[in-house]
Structure formats: structure tokens, C-alpha cells
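Working notes, structure below.
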Amino acid sequence: MAQNLNLVNAVAAKRLVAGLLDIVPVVIAWMIFYGINLATLQSSSYLSSSDLISEMATSSMVVSVFVLAYAVAIWGWEASTGKTPGNLALGLRTSDEDGFAPGWGKVFIRRLLVWVSGIVPIVGPVIMLLSNLWDPNHQRQGWHDKAARTLVVDVNQGRNPITTGGLFGPSAFAPGGMTAPGQPGHPGNLSTERQWPALNPDLAAGPITGIPGRTPTNATDAGTAAAAEAPVAPAAEPTPAAGTAPEQPAVGAPAGAPAASSSAAPVLDEAAAAAEDEAGHTQLRTAASAPAATGARLRCDDGQVLALATTALLGRNPAAQDGEEVADLFNIADMGRSVSKTHLHLAADSSGVWVTDRNSTNGSGITGSDGTRRPLAAGQAQHAGHGDTVHFGDRSFVVGPA
């Protein structure tokens, strides 16, 4: 079964059941306490008042210590892993708004508000646990989650952000695991850009004489490389033939001036001329075949930057169709599920990105520099230039140069 890489918002019913399961041990402890005290009161005729008070105080202390220890244990467990007994049973996890472990402070605020709502017995906590139903942001957070700035995700239906790099995960998250430290997309990296080697100053100093990094593979290539690197020898002066009078300087020429030649230009050595001609052709071919720079940087509305080199599919969990080839898959976190699994096809060129809507549910559009927004018809590519904003569902990104 393929792994679902999308983040799935926990539904209200599961949140409520998980919250009720969390208090089951506390309810059982108090039931035991009242059972023991009831038995003690029934046998009070055989005990003095001081013994009766002592036994009730002891049982009360025991149950209080148990409840306190349980509360602290659950507090720490949820703070560090997002788990509670209820969350574990229902496949839920509590995280902060960045998708990482919530920490002690956020869990304390969240739990405190649930307990305070118990001022109205039963009804208060139930309403608090179901309050995400009234959240206009796709029922993402309950009132206690908004105050604590936490999220609750369903890891049975989607991925666990706490163990997969946070809310957005690695930029190239895919089945098979996270990227290694130092690779583009790893959570430890501050940028998703690929790291290219430094420019060779020797190549930048002079004209291009070949393809950098290519080793000559045949005699022609070897001869071309040697001719390009070898200096051109100066042309030798022709030796007068026997019986021929040496050429005289032109009349009026200064002393030491070269003699006038009967030809229009000195004759170069044929081998040097051929080498120079071949080197010149190599330079022209290399310069003419150099491709124009392409690629783009897509800055998302949440600050995430995607490096688009050639082509990519973008969505909650994008996948190529049979026979389709793309260079990258951009997985976009969307708790409200406004973004389709495969929402956009992107193709970079030197001036921006060609954007094609893949028949998405909530549509796409492009806002140009003049502020005019034009919708994208499904299956029809439209160009977004540098500085334009591309909208997809409730999310968006700005196109910039690579």
C-alpha cells in the first residue's frame, strides 16, 4: 500500500473520543476511591470516628497522588511525542503549528482550558473538544488549539509531521524516507536550493575552447584540444629562391623597414592555419550550442522556497500519470485539503513558468504585476512571468528567477 504523504486534519468525532479515553484512568481511580469510602462508611459502626477519618484521608491521598502522577506522565508524553492514550488508540497526534512536538507549555495551556471548561460538568469539556467544528479555517483548530497554537492530525490517514520533518516535511518528501542531512529538502537545511560547485576561474578568464569537464574521446577531439591550447607560432619570413634578387625596401621608407612583398599577405604555415581554423570552429560551435538559462524559484505563501529546474508536479501528494515524465514532485501541506493531490503541472523557461491546472477541485489562477487575476482553464498552459503570483486552492506562490 502506498504511503499517503499528505497531512490530514483530525475530524471532530475522533478528537472527542480521544479526549474521553484520556480521562478513563482518572474516572476509574475516583470510582475505586468512592467504592472504598462507601464500604468504609457501611462498616463505620465498627470504627471510631478518628479511624474513619484516617482511612478516608489515606484513600483520598492515594487517589490524588495517582491522578497527579498520571497527569504529569500524560503531559510529558504529549509534549515530546504528541501521543496520549486516546491519541494512540485513534491514530492522532498533537503538534505545534509548525508540525513538530508541541512542548510542555503548549500542552499545559491546551489541557488547562479543557479542565476549566469542566466548570459546566460534562457539557463544557465536550463542547471544547468539538469546538473545531466552528473553526472557519476548514475545522482545523478547536478553541483550546487556537489558544495553545497546536494542531491535531490523523496519522492513520496521512503522515505524522513530528517524525517526517514538520508541517511541510522535506521539499522532496517521497516514499522511502527523508532526505539525508546536507541534502536539499532536509529539515536541517535553511534553503531548498541545490548547491552547485564554484565557478572555475580558469574557464571564466578566457574564451570557451571546449566543453568543460569533457575528456577527448577520439583523435579529432584530441587534436582540437591540442590545437586550442598550443600557441600560434609567428610566420617565418620566406627565403628568396636561388637566382632571385632580394626584395628592396620601398622608396621613402624609413631605414630598417621590412621589404615589400610581392604577395598581398604573408603566407602562414599550413598546419598552424589549420589548427587555428579548427579551434575557431570549436569556439563557435560551443558558444552556439550553449542553452539559455532556465529554472525558477517559487516562494510559497508560507515562506517555503521551491527550486524548479525543469518540470514538476505540485499538489498534496502529486503523482505522474502512466508514461508521464517530470523532474520533481512538490508536496504541499494543506490542512484544509483545498489543494488537489496533483494540482498543477509546472515547466520552467528563461522568463518564468508555464502553469497547467490538472483538473483540480478548487481551481487555479495567476495574478499579474498589474493586479489582474486570470483563472486557469483545466489542461491549458498559461505563462506566469517573474513577479507573478500563482494561486492553487487556498495556497499560492510567487515566481522568481532561479
I need the full set of residues from region 363-382 which are surrounded by 11 or more Cβ atoms within 10 Å (Cβ to Cβ) and on the phi > 0 side of the Ramachandran plot, in order please. G363
Would you say T81 is in contact with an Asp or Glu (Cβ under 7 Å, 6 or more places away or on another chain), under 22 Å from G166 (Cα atoms) and not aromatic (F, W, Y)? no
Given the criterion free of Cβ contacts under 8 Å to residues at least 60 places away in the same chain, outside the structural domain of Q304 (by TED's automatic domain parsing) and farther than 30 Å from D334 by Cα, identify the matching residue among I23, I74. I23
On the basis of being in contact with a Phe, Trp or Tyr (Cβ under 7 Å, 6 or more places away or on another chain), crowded, with 19+ Cβ neighbours inside 10 Å, modelled with pLDDT of 90 or more and not small (G, A, S), does L298 make the cut? yes
Which numbered condition L113 fails, given (1) without any contact (Cβ under 8 Å) to a residue 40 or more places away in the chain; (2) exposed (fewer than 15 other Cβ atoms within 10 Å of the Cβ): (2)
Six or more apart or on different chains, Cβ atoms under 7 Å: show the pairs whose first residue is in region 373-401 and in the same structural domain as D302 (by TED's automatic domain parsing) and closer than 10 Å to T356 by Cα and whose second is aliphatic (A, V, I, L, M) and surrounded by 14 or more Cβ atoms within 10 Å (Cβ to Cβ). L376/V355; L376/I366; A381/V355; Q382/V355; Q382/I366; Q382/L376
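From A312, A347, A320, which residue is out of contact with any Pro (no Cβ under 6 Å at 6 or more places or on another chain), part of a loop (DSSP other than H, G, I, E, B) and small (G, A, S)? Spell out how you get there, then give the answer.
Details: A312 fails: part of a loop (DSSP other than H, G, I, E, B); A347 fails: part of a loop (DSSP other than H, G, I, E, B).
Checking each option against the conditions leaves just A320.
The values are calculated or read from the model by the stated rules, or taken from the named source; none is laboratory data. For clarity, every value in this text was computed on a predicted model and none was experimentally measured. Because the Cβ atoms are built from the backbone with ideal geometry, glycine has one as well, and the counts that use them run over all protein chains shown.
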